[in-house]
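Q: My structure is below; once you've seen it, I'll send some questions.
FYI, it's all coordinate maths here, none of it is from the lab. Please read all numbers here as calculations on a predicted model, not as lab measurements. Cβ sites come from the backbone with ideal geometry, for glycine too, and all protein chains shown count toward neighbours.
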Ligand SMILES: Cc1cc2nc3c(=O)[nH]c(=O)nc-3n(C[C@H](O)[C@H](O)[C@H](O)COP(=O)(O)OP(=O)(O)OC[C@H]3O[C@@H](n4cnc5c(N)ncnc54)[C@H](O)[C@@H]3O)c2cc1C
Ligand code: SF4
Ligand code: SF4
Ligand code: SF4
């Protein structure tokens, strides 16, 4: 019976951290040890999370795949499920299905090359599992640069991690905000503005991008101006998902499905999928 | 929200929506355990001015209605319009089409001065409405769904697709194939396609979907030998206050 | 003991719609006593003008959610009379069947939900759940049965759909017909239990004879069809209602006041019982006897018992109707008769759960309404209610204010006033003639 | 494949026995306009001469319009269970393109991960197909789906005094040997069968020119004018999808009982033609206009699965054409694509 792909495993929220007025980070581990052991994910994959009685929604796993006893989600409260989980307390039970998605970030392929990560808003969250992975095996990659655009300083996610990256000299981080406050001393404007400053060799660079739907088009234009290669750019795309397992079809992108074939796609593929970005 | 205090109020309407709540039968006892009904004119004597959620039935058709509604609006944190009268003005709007003064004259003659009647309006004309349980009458399922959603903390899922979807889910024969007309193509689903299921065209008692293709409706009507006027007559039945005809050019 | 009383109950609860009661007593003398309807009139007569013959039943059904079937059929019958349409036996039987269950539904709602809390001393059905859960459960089951019946035949429990001029747009399936019969049979156990409970009730002894009006039929306990009968000894064809029933607008209430042979008359379950008790099913007669209801009965509080007896009758008769219909099964080809518009006037008279209901339409040649007149049961009862109150108040004037308030409310509630429909009005011109 | 014949007299006997021994689903006249596939208890109710394609395709037996996927009970523990019922059933009287529609769904719901709610029923379903003359809107010939090669247990073809029976599975053969008097098909039978099939194929009135469609579709894809014309009258009502034997989209929602203890995850048929389908957080809609949506549907029907499964998902049954009150016609629109690119 348990081969029903719609049955979630029970998990518990073990820690909640409020990071911005809109986002919270949740540490989650499975109640059954077996389920926790089985749960091996790759950077870029997502889970379907059920808040019982409310519904199910997809969220990217943001934690380091090497951490085996729990995983992490960073969730923005926008609708039913996301608001409901924000209302939960530590210890609350949720349902988890996944990990899902064959399209992952090129954590293997990019080894031995530069890595450029571009994130807009909540888009930083899905990149985190990849970035923490890269940091764990930092010596296996060449230069690492992270461009991150947020709406305003209070909405900046992962402030500790950013501070940590800043403290290291093998990572360069550029954070920019649309609406600075009095104390802001960093960059101002959209993140695409910072791309021209990247001085990585295009052939030798893997770029990963995640952000709101409208962002991709502009980022891609900037990247192409710099001659970055279509097959070395990876985009994590959001779509509406009802099932996560390629049956409900809501996440159609051209002839592909974001949940099965994605959510991370190579720009070359995206180019050939109509209306992807 | 745990065990919210709920008030159920009636303005100008037929009482059918409140009856629909009493008609919950199987679920009535569960409902009474899940919420604290502090005001329900049709069913209970106790009343109180302390409630979080107000369910409003009926449209505003007198100054007295308007005053009561504004009073309720000040107390309740969540306002739910229940039924076509509250949501769109419903059938009461036919009076507007006729003309309030003329209607008074016709019905009361020289005594019309005694009558407190104003132009009928949906309640959103006076207060901010959070959720709509549409229909004439709305389905009990939807009323319960809205309340349940508020208790478990989710946004009630009110369909924004046309009745045709529900017809097809039910396997109904389209009433156009039975030689009758139907507004289901542009009307908001959620009723369970009750009218088409009974062999009658949808009368749009739940209003239209957000972005109805009314121009196509016109083209189709021509194909079925009908005029916009024919269909507007039907539409006015529950949507007379909405002036949708202005959308059809 | 109260010498001076000033009671205002606003709004009156557990009645459908809104009504206010005003009592003013000075030195044990009743200065003012009135039932006030502050709700907006809804102008149905105006709304109907110009509408196509297909629509009045849908529109007038919205006069009242509780008696939407009655309005639907008063309307359909008026239209059919105007357009000269005769329906077949099958349609007629199905109509009676659906009609019965509005009566069951409404009577159940009134007896168990609205009136019973008074007799059990509970504030509402909600408190009743705590004190008398078995009664509440019976009520819920009966109501569900009746609602399901209406839904199966009419497509919807409130404001039925398939019930149209000329017949039905859709018939119940064979399976549904048997399902209905099973539901009906299952109801008897609950009626048995209810009987035991009702027997324990002590209803106030208050008698005031008045004129009782209802429809009547040679064969049936008339609900769907019949002539208008008065306990004062006259019977008229429904279409001549204006020759007997008069009405006027009064200032303190937006509900019109009516009278016939005398200064007031009563309609509803008790009138029907008084006028037609011999047509009740045997079973219903037995129940009536057990509960001490005998015709003629002049105790207003016995309306509730008459309503209960009618529930029994409706269930008995429904089973009979289903059996008759299933002898040869339902015939799709006889579901509806064809209708052609023409000019003319038609009157539809039925018994709504609360009493006599009259729709009177005049159509033009295109089948659009030129003029409409509607007379609603609660309007008819107005004067009688006030007269009952005036007669009852002196009998209880020595009680405390709270007791008086409750007793008066109970008296009004006994009538099961459906105020939402009474808030719509008659054509004044007709009053004058 | 095994080929047999069954005489008309024996056929009635055969079907009647199936009706009495199984939960038997077949076409029944519903009203003046349509037929429906419903449970049959009596041979006389069965009406295989349905003219229209029947509104609700047979997929509803395996993939009901609303169904409970899982059930949960919240208390000390949270108990989660699957609830799909699966009974032995016979689906009788669907035509070749509908059998092909089922085969498509079989493949779709087993691709990658298996959809148990669907397959628990599929495993217990016996499919008996039957050839019938194409309806006005049927263009399955153009889609190469007018003939069912597999996906059935038995497939009958009416040869006037007898049925030609193609036996598609062991289960089908078992049914025949237990319930029917048959004989092996001989030369004469094959001759008549061929004659029937030729006439049948010649009876298709509606044709769609799918040559080069795979590439042409990409060519017209970004032509806004073209799509404006095609989608002008579309109501975004979704009827076309819901009646399609190969549409599989669904929504999932949680529904809690009022006692807040028991809940269900329910799925219900959805349609890519309605605006919400592509709506995500932040009110961004990936397919905001009816043009976007219509071409999405067409892509899914006549392109996507040529890539994924090597054959289109549209079987040409014509249901969507019948159901569409805006008279949007997929076959004609396929031809318009061709025309657009050829001129
Ligand atoms: C692969 C993937 C990864 C993701 N990763 C993350 C992540 O890491 N963190 C994160 O916070 N989010 C992530 N998201 C987005 C997240 O899935 C959505 O925000 C989530 O589905 C919202 O669910 P909800 O129930 O809270 O909102 P819903 O209640 O479903 O509503 C969300 C919004 O969608 C719209 N909407 C949806 N349904 C309707 C409707 N019926 N009518 C009208 N409007 C509607 C509304 O605009 C509403 O504001 C990801 C999405 C995908 C596909
Ligand atoms: S009957 Fe009406 S709602 Fe149903 S499919 Fe036809 S047009 Fe749509
Ligand atoms: S194509 Fe036709 S059936 Fe499909 S959504 Fe548009 S109007 Fe409805
Ligand atoms: S797209 Fe239309 S013709 Fe093709 S299979 Fe679906 S319903 Fe049939």
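Q: Ranked highest first by the average count of other Cβ atoms within 10 Å around their residues, in what order do B:116-125, A:187-196 fall?
A: Sorting B:116-125, A:187-196 by mean packing, highest first, produces B:116-125, A:187-196.
Q: I've got another one for you. Let me check I have the definition right: for segment C:44-381, take the eigenvalues of the Cα gyration tensor, multiply each by 5, take square roots. What are those semi-axes in whole Å, largest first?
A: Three semi-axes, in Å: 31, 26, 18.
Q: In nm, to one decimal, how far is the residue A:214 label point from the residue D:66 one, both placed 7 Å along Cα→Cβ?
A: The answer from the label model is 3.7 nm.
Q: Sort C:312-321, B:82-91, D:213-222 by packing, meaning the average of other beta carbons within 10 Å per residue, with the highest value first.
A: The peptides rank, most packed first, as B:82-91, C:312-321, D:213-222.
Q: At 4 °C and a viscosity of 1.567 mPa s, what translational diffusion coefficient does Stokes-Einstein give for segment B:5-152, taking Rh as the Kirkwood radius over Cα pairs? Give it in µm²/s as a whole number.
A: 82 µm²/s
Q: Under 8 Å for C-alpha pairs, at least 6 residues apart: give me the relative contact order for chain B, rounded to a whole percent.
A: Relative contact order comes out at 19 percent.
Q: Still on this structure, I have one more. Would you mind ranking B:161, C:415, D:84 by Cβ crowding within 10 Å, fewest neighbours first?
A: Lowest to highest Cβ neighbour count: D:84, B:161, C:415.
Q: In 10 Å bins starting at 0, how do the alpha-carbon pair distances of the protein assembly as shown split up by percent?
A: 2, 8, 15, 19, 18, 15, 11, 7, 3, 1, 0, 0
Q: Checking the a/c ratio against 1.5 first, then a/b against b/c, what shape does the Cα gyration tensor give for segment A:134-176?
A: Prolate.
Q: Next question. Let me have the relative contact order for chain D, percent, based on Cα pairs under 8 Å that are six or more residues apart.
A: 22 percent
Q: What does the structure give for D:304-311 when I average, per residue, the other chain Cβ atoms found within 10 Å of the residue Cβ?
A: What the average comes to for D:304-311 is 2.
Q: Using the Cα atoms of segment A:214-272 to build a convex hull, what is its mean projected area in square nanometres?
A: 3.9 nm²
Q: On each of the three principal axes of the Cα atoms of chain B, give max minus min coordinate, whole Å, ordered largest first.
A: So the extents along the principal axes, rounded to whole Å, are 56, 52, 27.
Q: Let me see the pair-distance distribution of segment C:146-280: every alpha carbon pair, 10 Å bin width, integer percents in order.
A: Computed distribution, short to long bins: 10, 23, 31, 27, 9, 0.
Q: Between residue B:224 and residue B:33, what length in nm is gained on full extension when 0.36 nm per residue of separation is reduced by their alpha carbon distance?
A: So the extension gain works out to 63.7 nm.
Q: Three principal axis extents, largest first, for the C-alpha atoms of chain A, in Å?
A: Here the spans come out as 54, 45, 34 Å, largest first.
Q: Give the average, rounded to an integer, of partner chain Cβ atoms located within 10 angstrom of each Cβ in B:157-165.
A: Neighbouring Cβ atoms belonging to other protein chains average 6 per residue here.
Q: Please express the Cα-Cα pair-distance distribution P(r) of segment D:125-170 as a list of whole percents, one per 5 Å bin, running from 0 to the bin with the greatest distance.
A: 6, 19, 25, 23, 20, 7, 1
Q: Just round it to a whole percent: the fraction of Cα-Cα distances in segment A:176-277 exceeding 21 Å.
A: Cα-Cα pairs in segment A:176-277 separated by more than 21 Å: 43 percent.
Q: Also: Residues of D:295-302, mean number of Cβ from any other protein chain within 10 Å of their own Cβ, rounded to a whole number?
A: 2
Q: How big, on average over all directions, is the shadow cast by the Cα convex hull of segment C:222-315, in nm²?
A: Taking the Cα atoms of segment C:222-315, their convex hull projects to 7.1 nm² on average.
Q: I would also like to ask the following. Pop the C-beta distance of residue A:93 and residue D:38 into the FRET formula with R0 = 25 Å and round what comes out to the nearest 0.05.
A: The calculated FRET efficiency here is 0.05.
Q: When the Kirkwood hydrodynamic radius is evaluated over all pairs of different C-alpha atoms of segment A:9-100, what value in angstrom, to one decimal, is obtained?
A: Over segment A:9-100, the inverse of the mean reciprocal pair distance is 12.9 Å.
Q: Next question, about the same structure. Highest first, please rank the peptides A:148-159, C:48-59 by the mean number of other Cβ atoms sitting within 10 Å of their residues.
A: Packing order, densest peptide first, comes out as C:48-59, A:148-159.
Q: Report, to the nearest 10°, how far helix A:215-225 tilts away from the longest principal axis of the Cα atoms in chain A, using its own Cα long axis and a range of 0 to 90°.
A: The helix A:215-225 is inclined about 30 degrees to chain A.
Q: From the convex hull of the Cα coordinates of segment A:71-182, what is the mean projected area in square nanometres?
A: That works out to 9.1 nm², a quarter of the Cα hull's surface.
Q: Along each of its three principal axes, how wide is the spread of alpha-carbon positions in chain D, in whole angstrom units, largest first?
A: Over chain D, Cα extents along the principal axes are 70, 65, 40 Å.
Q: Could you work out the relative contact order of segment C:235-378, using alpha carbon pairs under 8 angstrom and six or more residues apart, expressed as a whole percent?
A: Reported relative contact order: 20 percent.
Q: Could you give me the radius of gyration and the Dmax of segment D:99-195, taking only the C-alpha atoms into account and expressing both in angstrom?
A: Radius of gyration, then largest Cα-Cα span, for segment D:99-195: 15.4, 46 Å.
Q: OK, next. Go ahead and run the numbers for FRET between residue C:334 and residue D:261, Cβ-Cβ distance against an R0 of 41 Å, rounding to 0.05.
A: Plugging the Cβ-Cβ distance into 1/(1 + (r/R0)^6) gives 0.25.
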